[in-house]
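The values are calculated or read from the model by the stated rules, or taken from the named source; none is laboratory data. Just so it is clear, the model here is predicted, and its values are computed rather than measured. Note: ideal-geometry Cβ built from the backbone for every residue, glycine included; neighbour counts use all protein chains shown.
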Amino acid sequence: MMVSKGIMIGVVVGVFFAGLGIGYVASQSSTLVSPIMMPSQQMQKQNEDKQTENVPSSYVQMIDGVQVVIIHAKEFKFIPSEININTGKTKFVLINDGEAVHELVVYDISKKDIVDKAELAEDEATIGKNILFEIEEVHPGESGESDVLNLQEGSYVMGCHVPGHYEAGMKGTIEIKS
Ligand SMILES: [Cu+2]
């Protein structure tokens, strides 16, 4: 009986210290866990910040002091179709999200009739003289861009002059203000 009591005490004491040991390891590992958690939480936050940066907040981005205006084209509209930008160095990019060839012709609102007539007559010389710029023949899934233009204040009309597209709704306005 005495021996078995001694074993019982030994087991109880052993379990007690084993418990302390587990408690100690657990407390140690919890202090180890938190520094490991911190960087992963920071990484997650950084990733969220990156995603926010990658999503364009609007159709205009400033890149090296140039206002880059990104316009999407599909059947049969421009997105956006009402563009408000500032004067100064500007480049236009036309991205064709559609299934047909599209283009972007931009001209002064007062020249609309002249340009429309020249378009009908395929009079490229008159078109060239009366437009601000054009991005010609952008194929589906591709993009085209203008030169860097130094824009002054003005109101312009934009249109896709692939036959039938302008009439179907591929048009819009560009307002330039200082
Ligand atoms: Cu078009």
_Per-region count, region 132-178, residues within 16 Å of the ligand (Cβ to nearest atom) and not small (Gly, Ala, Ser)_ = 19
*strands (runs of 3 or more DSSP E) completely within region 115-163 that count 3 or more residues being in contact with a strand residue (DSSP E or B) (Cβ under 6 Å, 6 or more places away or on another chain) and surrounded by 13 or more Cβ atoms within 10 Å (Cβ to Cβ)*: 131-138, 143-145, 154-159
*Pairs under 6 Å by beta carbon, first residue in the same structural domain as ILE70 (by TED's automatic domain parsing) and touching a residue at least 12 places away in the same chain (Cβ under 8 Å) in region 118-146, partner among the small types (Gly, Ala, Ser) and assigned to a strand (DSSP E or B), six or more apart or different chains?*
ILE135/GLY144; VAL138/GLY144
*Pair list, Cβ < 6 Å and 6+ apart or interchain, from region 87-100 residues that are within 12 Å of ALA73 (Cβ to Cβ) and more than 11 Å from the ligand (Cβ to nearest atom) to residues that are of a type outside the set (S, T, N, Q) and part of a loop (DSSP other than H, G, I, E, B)*: none
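What is the residue count in region 107-163 for residues that are among the acidic types (Asp, Glu) and more than 21 Å from ILE71 (Cα to Cα)? Reasoning before the result, please.
Filtering region 107-163 for residues among the acidic types (Asp, Glu) gives 108, 113, 116, 119, 122-124, 134, 136-137, 142, 145, 147, 153.
Remaining after also requiring more than 21 Å from ILE71 (Cα to Cα): 113, 116, 119, 122-124.
Looking only at that region, the number is 6.
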*Report, by residue number, each residue of region 99-114 that is closer than 14 Å to ILE135 by Cβ and crowded, with 17+ Cβ neighbours inside 10 Å.*
HIS102, GLU103, LEU104, VAL105, VAL106, TYR107
_Unique match (being in contact with a His (Cβ under 6 Å, 6 or more places away or on another chain) and either at pLDDT below 95 or in the same structural domain as ILE70 (by TED's automatic domain parsing) (or both)) among VAL101, VAL106_ = VAL101
